[in-house]
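A short write-up of the structure that comes next.
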Amino acid sequence: MIRPVAALCGLSLLSVLAAGTATAADSGWSAPKCGAEPTAPTVKAGTVAQYNESVDRVTAYEKEARAYNACVSGQANREETAISQEASARISHIHTASAAVQSRIAGSFQKLSTELTAAGRKLGHH
């Protein structure tokens, strides 16, 4: 008897996830704490027995791949968050310094404008 292929329903999701994983691997980034990426099995369908074995291997692969993907995703999220927090701190430091310069210049313009207005009034220029 041929086994149902309900487990294969998740393969389209894994195809999408695999595309993202390939990109991460190609970039040189990895998540060593997650171990090795599971290898997709070969589907053999020459006989009913081979097909049924393939369904079992695909089901096992799907479980392993989902667990691996969850680990990689979690590791990536943690690293991205750390990078984002570091970048935010650096940006804040730069923004604070830039705002201080802008404030000083605005203060200088205000002071110079006030002095020029007062001097103009004193000299009779309105």
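Given the conditions (1) open to solvent by 60 Å² or more (accessible area, probe 1.4 Å); (2) in a helix (DSSP H, G or I); (3) among the aliphatic types (A, V, I, L, M), report the number of the one that ALA119 does not fulfil.
The one condition ALA119 does not meet is (1).
Looking only at region 41-86, which residues are of a type in the set (A, V, I, L, M), assigned to a helix (DSSP H, G or I), open to solvent by 50 Å² or more (accessible area, probe 1.4 Å) and touching a residue at least 12 places away in the same chain (Cβ under 8 Å)? Even if it seems obvious, please write down each step before you answer.
Going residue by residue through region 41-86, those that are of a type in the set (A, V, I, L, M) are 43, 45, 48-49, 55, 58, 60, 65, 67, 70, 72, 76, 82-83.
Within this subset, residues satisfying the condition of being assigned to a helix (DSSP H, G or I) are 48-49, 55, 58, 60, 65, 67, 70, 72, 76, 82-83.
Next cut, open to solvent by 50 Å² or more (accessible area, probe 1.4 Å) only: 48-49, 67, 70, 82-83.
Selection gives VAL48 alone.
Only one of these is polar (S, T, N, Q) and at pLDDT 95 or above: SER27, SER54. Name it.
Residue meeting the stated conditions: SER54.
Being of a type in the set (A, V, I, L, M) and exposed (fewer than 15 other Cβ atoms within 10 Å of the Cβ) is the requirement here; does ALA89 meet it?
yes
The values are calculated or read from the model by the stated rules, or taken from the named source; none is laboratory data. Just so it is clear, the model here is predicted, and its values are computed rather than measured. All Cβ positions, even for glycine, are placed from backbone atoms using ideal geometry, and neighbour counts span all protein chains on display. Just so you know, the surface numbers come from the protein's heavy atoms only, side chains and all, with ligands and any DNA or RNA stripped out. Shrake-Rupley method; radii C 1.70, N 1.55, O 1.52, S 1.80 Å.
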